[in-house]
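So the structure is just underneath, and the comments pick up after that.
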Amino acid sequence: MRKKIEKIKSQLLSGLKKANTLEEVENLRVEYLGKKSAFNEILKGLKNLSPEEKKEIGPLANQTKQKIQKILEKKKSEIEETFDAKEEWIDVTAPGKKIKQGHLNPLSIVQRDIEDIFTTMGFEIADGPDVETEFYNFDAINMPDDHPGRDMQDTFWLSKEESREKGTGTVLRTQTSSVQVRYMQEHKPPLRIIVPGRVFRSETTDASHEHTFHQFEALVVGDDVNVANFLSVVENFFEKFFGKKIKVRLRPSYFPFVEPGFEFDISCTNCGGDGCSTCSQTGWIEIGGAGMVHQNVLESAGYKRNKYQGFAWGFGLERLAMMKYKINDIRLFHSGEIRFTEQF
Ligand code: FA5
């Protein structure tokens with residue numbers, strides 16, 4: 001019996017030497033220790049042995065079984081360790097994986113294009129805060145408290161106490177025109193600036209309206225600035241921006257900070273002016289407001305009345321991007337949809 005047990009052990013050990021996988025080790029365990037194994041037969045037969053034999057073979061069989069189990073466990077962990085090491089192995093000669101590149105939002109592309117065009121025309125780029133005082137957003141640009149012009153823009157008020165000192169309420173700026181007086185207080189004419197930036201209005205959104213959108217303001221002030229200068233600058237800009245000549249059209253309109261004021265249209269780039277659904281069959285797209293800077297505005301910047309003239313405009317950046325890239329819904333810009341930005 002003792003010899004039988006020794007033989008089983010040595011057979012198992014030589015089998016284990018050749019085993020390389022967990023499956024092979026498990027097969028050996030079943031073969032040598034499993035229910036139908038020769039070893040199990042020995043254990044089952046212990047009850048039929050004489051008391052002397054039981055004394056000798058019983059402990060030997062149990063000890064051998066425990067030893068074999070330990071050896072099997074050890075072999076299993078050795079195999080697992082080699083497997084982990086293989087997993088971590090790095091093939092330094094393998095070709096690199098291509099990194100997916102991000103894309104700029106078309107609004108950023110358009111803003112950069114605009115900044116490039118205007119800086120080559122000698123304009124500076126100015127900026128102002130998104131959270132603005134009601135003074136710069138309204139009062140300073142000829143829109144006092146009771147001015148009907150304030151009703152034209154739905155404002156997100158941040159503070160508006162009844163008892164506040166004049167002009168000290170705060171708003172999310174409704175227009176980049178808020179930067180006009182801020183800038184002029186610090187600079188003397190002649191000056192030429194553009195102000196690209198985010199503006200906010202409490203509006204219901206649809207395919208062409210957002211509550212948070214971008215404008216870019218232009219402000220040119222000097223000794224002898226007139227509407228002809230304005231037209232020449234915008235025509236030049238649009239030709240560079242769209243890469244072809246674009247027809248522009250001015251319609252008389254009212255903005256408190258300009259006199260005279262215009263609504264500014266460009267010929268629809270989608271249909272070339274023939275009429276399509278983008279331009280509601282009119283052949284024209286409204287891009288923004290413009291006009292000759294009101295003397296009240298120049299005065300609130302600290303300039304002597306009638307000493308200078310200037311022109312200004314405020315164009316919708318999204319509208320321009322929509323025209324350039326034929327985007328039919330303004331809400332796509334801020335949708336966070338990667339499939340949208342990947343196209344630019
Ligand atoms: C203004 O904001 C004036 N500050 C523009 C101006 C500047 C006039 C300087 C004269 C001199 P208006 O509210 O029309 O004007 O807005 C100008 C442009 O911003 C619009 O023509 C349009 O292109 C864009 N815009 C206005 N509201 C929205 C909106 N909710 N969503 C997207 N674009 C808008």
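Got a sec? Which of 150, 198 is more than 9 Å from the ligand (Cβ to nearest atom), closer than 24 Å to residue 319 by Cα and more than 25 Å from the chain's Cα centre (by Cα)?
Values: 198 fails: more than 25 Å from the chain's Cα centre (by Cα).
Just one listed residue meets the conditions, 150.
Taking segment 188-226 on its own, how many of its residues are within 18 Å of residue 155 (Cα to Cα), touching a helix residue (DSSP H, G or I) at 6+ places or on another chain (Cβ under 9 Å) and assigned to a loop (DSSP other than H, G, I, E, B)?
Residues that pass the stated criteria total 2.
From (1) away from the ligand (no atom under 14 Å from the Cβ); (2) touching a strand residue (DSSP E or B) at 6+ places or on another chain (Cβ under 6 Å), pick out the condition that doesn't hold for residue 164.
(2)
Pull out all pairs, ordered by first then second residue, where Cβ-Cβ is under 8 Å, the residues are six or more apart or on different chains, the first lies in segment 317-331 and is assigned by TED's automatic domain parsing to the domain that holds residue 271 and within 12 Å of the ligand (Cβ to nearest atom), and the second is assigned to a helix (DSSP H, G or I) and of a type in the set (Asp, Glu).
330/318
Among the residues of segment 247-303, how many are within 15 Å of the ligand (Cβ to nearest atom), more than 34 Å from the chain's Cα centre (by Cα) and on the phi > 0 side of the Ramachandran plot?
1
Taking the condition of being in a helix (DSSP H, G or I), in contact (Cβ under 8 Å) with a residue 24 or more places away in the chain and either not acidic (Asp, Glu) or not assigned by TED's automatic domain parsing to the domain that holds residue 333 (or both), how many residues in segment 109-147 meet it? Quick ask: steps written out before the conclusion?
Step one: list which residues in segment 109-147 are in a helix (DSSP H, G or I), which gives 109-120, 134-137, 139-141.
Of the ones still in play, those that are also in contact (Cβ under 8 Å) with a residue 24 or more places away in the chain are 109-111, 113-115, 117-118, 134-137, 139-141.
The next check asks that each one be either not acidic (Asp, Glu) or not assigned by TED's automatic domain parsing to the domain that holds residue 333 (or both); those that pass are 109-111, 114, 117-118, 135-137, 140-141.
Looking only at that region, the number is 11.
May I ask you to list pairs of residues, at least six apart or on different chains, whose Cβ atoms are under 6 Å apart, with the first in segment 167-178 being closer than 15 Å to residue 257 by Cβ and charged (D, E, K, R) and the second being crowded, with 24+ Cβ neighbours inside 10 Å and at pLDDT 95 or above?
Hits for this filter: 173/137; 173/199.
Would you be able to tell me the number of residues in segment 272-297 that are touching a residue at least 60 places away in the same chain (Cβ under 8 Å) and in contact with a strand residue (DSSP E or B) (Cβ under 7 Å, 6 or more places away or on another chain)? Can you show your working first?
Of all residues in segment 272-297, those touching a residue at least 60 places away in the same chain (Cβ under 8 Å) come to 288, 290, 292-294, 296-297.
Add one more test, that the residue is in contact with a strand residue (DSSP E or B) (Cβ under 7 Å, 6 or more places away or on another chain), and what stays is 288, 290, 292-294.
Residues flagged as touching a residue at least 60 places away in the same chain (Cβ under 8 Å) and in contact with a strand residue (DSSP E or B) (Cβ under 7 Å, 6 or more places away or on another chain) within segment 272-297 amount to 5.
Residue check, residue 235 against (1) modelled with pLDDT of 95 or more; (2) within 22 Å of residue 268 (Cα to Cα), all met but one. Which one?
Looking at each condition in turn, residue 235 falls short on (1).
The values are calculated or read from the model by the stated rules, or taken from the named source; none is laboratory data. Computed from a predicted model, the values in this text were never measured in an experiment. Please note: Cβ atoms are built from the backbone with ideal geometry, for glycine as well, and neighbour counts cover all protein chains shown.
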